[in-house]
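Please read the structure below before turning to the comments.
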Amino acid sequence: MTLFQVNEWLDEYNDYMLLYKMFGDQTYLNEVKEIMESMEKYVSRRLMLEKHKLAVQMRD
């Protein structure tokens, strides 16, 4: 996962939220929820990786 992909997610999030607010279609809100879930998983993995790196550094 790269910063570019995160930026794409944020752009998509903003686009779908705008469409949802304009038209009220649940489909757009479902897309927003999927994007948020993906970003949450990504952040969680990044945090685990950072914790692991710190643990390895502390051992050395």
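The values are calculated or read from the model by the stated rules, or taken from the named source; none is laboratory data. None of the values given here were measured: they were computed from a predicted structure. No Cβ is skipped: glycine too gets one built from the backbone with ideal geometry, and neighbour counts run over all protein chains shown.
Miscellaneous remarks
- Applying a threshold of 9 Å to beta carbon distances and a minimum spacing of six or more residues, or different chains, the list of pairs starting in segment 36-59 at a residue that is polar (S, T, N, Q) and ending at one that is surrounded by 10 or more Cβ atoms within 10 Å (Cβ to Cβ) reads S38/W9.
- In summary, M22 fulfils each of the numbered conditions (1) surrounded by 11 or more Cβ atoms within 10 Å (Cβ to Cβ); (2) at pLDDT 95 or above with the single exception of condition (1).
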